[in-house]
1. Say we look at region 19-37 and pick out the residues that are under 15 Å from the mean Cα position of the chain (by Cα) and outside any strand (DSSP E or B); which of these is surrounded by the fewest Cβ atoms within 10 Å (Cβ to Cβ)?
2. Condition first: free of Cβ contacts under 8 Å to residues at least 40 places away in the same chain and within 20 Å of Glu87 (Cα to Cα). Now tell me which residues in region 11-43 satisfy that.
3. Scan region 2-14 and tell me whether some residue there is in contact with a helix residue (DSSP H, G or I) (Cβ under 9 Å, 6 or more places away or on another chain), assigned to a helix (DSSP H, G or I) and under 21 Å from Val113 (Cβ atoms).
4. Listed residues Val42, Val89, Val113; which is farther than 22 Å from Ser19 by Cα and not acidic (Asp, Glu)?
5. Give the residue that is farthest from the chain's Cα centre (by Cα), with candidates limited to residues of region 43-72 that are under 15 Å from Ile28 (Cβ atoms) and among the acidic types (Asp, Glu).
6. Exactly one of (1) within 16 Å of the chain's Cα centre (by Cα); (2) surrounded by fewer than 16 Cβ atoms within 10 Å (Cβ to Cβ); (3) more than 19 Å from Trp12 (Cβ to Cβ); (4) touching a residue at least 12 places away in the same chain (Cβ under 8 Å) is unmet by Pro102. Its number?
7. Could you please find all residues in region 15-42 being among the β-branched types (Val, Ile, Thr), over 25 Å from Asp72 (Cβ atoms) and touching a helix residue (DSSP H, G or I) at 6+ places or on another chain (Cβ under 9 Å)?
8. Across region 68-98, what is the total count of residues that are among the hydrophobic types (A, V, I, L, M, F, W, C) and part of a helix (DSSP H, G or I)?
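Quick note: the coordinates plus some simple rules give every number you see, no bench work behind them. Here the structure is a predicted model, which means the values were calculated and not measured. Methodologically, a virtual Cβ is constructed for each residue, glycine included, from the backbone with ideal geometry; neighbour enumeration extends over all protein chains shown.
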Amino acid sequence: MKIQKYSGGAKWEEIVGYSRMIRAGNRIIVTGTTATDENSQVVGAGDAYCQTKYIFNKIADFLNMAGVSLNDVVINRIYVTDISRWEEVARAHREIFGNVKPCTTMVEIKGLVHPDMLVEIETEAIISDESL
């Protein structure tokens, strides 16, 4: 099986030693993604909805690098620092994936690497015959 590794250019990739996305055969895995811009600044501080939308837009860009789209997503794992704000995150997820309906998990965690980060999402997609 051919494995391709993709970088998003974030400073964390080299510090921690990971790939932003890996394509292994027909499986695409996008690692945990937060609402940070190209300058490693947090976008939408205090706004879980805004951060979730931003993250899914970043994930869409990564998936496009592998030749697939959000329509090919089969699971999203969503980590939030405050589960009482689940509806903000869910609204953003529904707006993007309402017709796709991937498997989705949302879990509250103690914190992320920056206190302004409220949401982190990892995504998996499968390249179907129709996507090729």
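1. Asp37
2. If the condition is that a residue be free of Cβ contacts under 8 Å to residues at least 40 places away in the same chain and within 20 Å of Glu87 (Cα to Cα), then Val43 is the only one that fits.
3. Checked region 2-14: no residue is in contact with a helix residue (DSSP H, G or I) (Cβ under 9 Å, 6 or more places away or on another chain), assigned to a helix (DSSP H, G or I) and under 21 Å from Val113 (Cβ atoms).
4. Only one candidate passes the filter, namely Val89.
5. Among those residues, the one meeting the criterion is Asp72.
6. (2)
7. Matches in region 15-42: Val42 only.
8. Looking only at that region, the number is 8.
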